[in-house]
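First up is the structure itself, then whatever we jot down about it.
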Amino acid sequence: MQLDILKEQEVAILRELIAASSQIVITCHKSPDGDALGSSLGWAEYLRVCHGKEPVVLIPDAYPDYYLWLPNTEKIIRYDKHPEKGDLLLKTADLIFCLDFNESGRTELMKQSLDASVAKKVMIDHHLNPQMDTVLTISHPELSSTSELIFRVVWQLGDFEAMKKHFAIPIYCGMMTDTGSFTYNSSYPEIYFIVGQLLTKRINKDSIYRKVYHNFTPWAIRLRGYVMCHKLKVSEEFHAAYFSISAKEMRDFQFRRGDLEGLVNEPLRIKGLKLSMSLREDDRTPNLVWVSLRSVGDFPCNKMAEEFFNGGGHLNASGGRLFCSLEEAEQVVVRAIKGYEGLLKSSET
């Protein structure tokens, strides 16, 4: 099975960078998801085990509680809680690995310090259009996740045999969550070969699934039921659906970060549906609405996200944000659906 993604020169550059660096920082995008965390924790474990380094995983802000069980999360430093420490780490680093983001703006609060750092930067990412000044960019948007990229790099470097559960668990978790449990962006044989290799480390993939997806509070279940029952709007004509949720509704259901994770996928269970969108009003910042898009077949929700929602992403999984009221955001959704009428009526499922 061919898994190599680096040229020989890139392998040499990566090895030299790691060997020459003593202060290594690993960072990811704001509101880290399973792939951002999984790839960061997996890469940190690799650097510790195979190179004797002590990298610091520095993330912009909080992540959902259902990832707290991942190995070595207790070592993570949150920039929003410790900005002075984060600034110092970025200032004194000689090597920074930028994982799961394609431009520094996605780190938001950390952007200024990240841009100002004189450290050499390496990007490992699977999003379109990398835009950072780096000494090495490993970018493969066609692959499932940044966690898959990390596996492939470690495999190509010949070090996978040395890795154990603390590497395999976060990498599997990142691949699983960024493909919706392998239901999209995962229809190529290499990804299942990789899963098979991770299983040789005696990880329990069923347990990983339960810890991520079966970890809701009773209030979260009530909230999800309420949204599907009372807020879901379906257009059979356009094979699309969307729902919105306000800050007040989230407070009413004692919302916690992650309570709505994956809910945007649920409407895709409807026969013939090709596009699902969610609108979530930010519970702290007025006139900020977070948008998630999911699609099936060949419908390009990434293009819709770029055109209408100040965002982007992948063909079947994208996101964005709007700076307006929730009501105005719904009007944008209606315009977006009508704007893509032709593709929604003709795209494959």
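The values are calculated or read from the model by the stated rules, or taken from the named source; none is laboratory data. Here the structure is a predicted model, which means the values were calculated and not measured. Virtual Cβ from ideal backbone geometry, glycine too; neighbours counted across all protein chains shown. Remember, those area values only see protein heavy atoms, side chains included, never the ligands or the DNA or RNA. Shrake-Rupley method; radii C 1.70, N 1.55, O 1.52, S 1.80 Å.
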For the list (1) open to solvent by 40 Å² or more (accessible area, probe 1.4 Å); (2) in a loop (DSSP other than H, G, I, E, B); (3) under 30 Å from Ala116 (Cα atoms), I need the number of the one condition that Thr134 fails. (1)
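Which ranges mark the helices (runs of 4 or more DSSP H) fully within region 284-348 that have 1 or more residues being touching a residue at least 40 places away in the same chain (Cβ under 8 Å), closer than 21 Å to Tyr184 by Cα and open to solvent by less than 70 Å² (accessible area, probe 1.4 Å)?
Numbers: elements: 301-308, 326-339, 341-346.
In region 284-348, 301-308, 341-346 are the helices (runs of 4 or more DSSP H) which contain 1 or more residues that are touching a residue at least 40 places away in the same chain (Cβ under 8 Å), closer than 21 Å to Tyr184 by Cα and open to solvent by less than 70 Å² (accessible area, probe 1.4 Å).
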Filter region 229-278 for residues that are exposed (fewer than 15 other Cβ atoms within 10 Å of the Cβ) and under 21 Å from the mean Cα position of the chain (by Cα) and give the result. Arg257
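Could you please find all residues in region 137-166 being aromatic (Phe, Trp, Tyr) and within 18 Å of the chain's Cα centre (by Cα)?
The answer is Phe151, and nothing else.
In region 72-91, which residues are among the acidic types (Asp, Glu) and either open to solvent by less than 20 Å² (accessible area, probe 1.4 Å) or within 25 Å of Ala20 (Cβ to Cβ) (or both)?
Residues of region 72-91 among the acidic types (Asp, Glu): 74, 80, 84, 87.
Correct list: Asp87 only.
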Of the conditions (1) in contact with a helix residue (DSSP H, G or I) (Cβ under 7 Å, 6 or more places away or on another chain); (2) β-branched (Val, Ile, Thr); (3) open to solvent by 40 Å² or more (accessible area, probe 1.4 Å); (4) under 15 Å from Gln156 (Cβ atoms), Ile5 satisfies every one except a single condition; which number is it? (3)
Please tell me if Thr146 is open to solvent by less than 40 Å² (accessible area, probe 1.4 Å), among the hydroxyl-bearing types (Ser, Thr, Tyr), at pLDDT 95 or above and in contact with a strand residue (DSSP E or B) (Cβ under 7 Å, 6 or more places away or on another chain). yes
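Pick from Thr177, Thr134: which is among the hydroxyl-bearing types (Ser, Thr, Tyr) and within 13 Å of the chain's Cα centre (by Cα)?
Values: Thr134 fails: within 13 Å of the chain's Cα centre (by Cα).
So the residue among Thr177, Thr134 that is among the hydroxyl-bearing types (Ser, Thr, Tyr) and within 13 Å of the chain's Cα centre (by Cα) is Thr177.
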Restricting to region 223-278, name every residue that is assigned to a strand (DSSP E or B), farther than 24 Å from Tyr67 by Cβ and touching a Phe, Trp or Tyr at 6+ places or on another chain (Cβ under 7 Å). Lys233, Leu275, Met277
State the number of residues belonging to region 196-249 that are closer than 23 Å to Ser181 by Cβ and among the polar types (S, T, N, Q). 6
Mind checking which residues of region 226-271 are at pLDDT below 95 and at positive phi? Gly258, Gly262
Report, by residue number, each residue of region 158-188 that is modelled with pLDDT of 95 or more and open to solvent by less than 10 Å² (accessible area, probe 1.4 Å). Phe160, Met163, Phe167, Ala168, Pro170, Ile171, Cys173, Gly174, Met175, Met176
Scan of region 16-71 for residues that are within 21 Å of Ala168 (Cα to Cα), aliphatic (A, V, I, L, M), open to solvent by 10 Å² or more (accessible area, probe 1.4 Å) and part of a loop (DSSP other than H, G, I, E, B), ordered by number: Leu68
Of all residues in region 105-118, how many are in a helix (DSSP H, G or I) and surrounded by fewer than 23 Cβ atoms within 10 Å (Cβ to Cβ)? 9
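Go through Asp100, Asp94 for me and flag whichever is in contact with a strand residue (DSSP E or B) (Cβ under 9 Å, 6 or more places away or on another chain) and buried (at least 19 other Cβ atoms within 10 Å of the Cβ). Can you show your working first?
Numbers: Asp94 fails: buried (at least 19 other Cβ atoms within 10 Å of the Cβ).
Among Asp100, Asp94, only Asp100 is in contact with a strand residue (DSSP E or B) (Cβ under 9 Å, 6 or more places away or on another chain) and buried (at least 19 other Cβ atoms within 10 Å of the Cβ).
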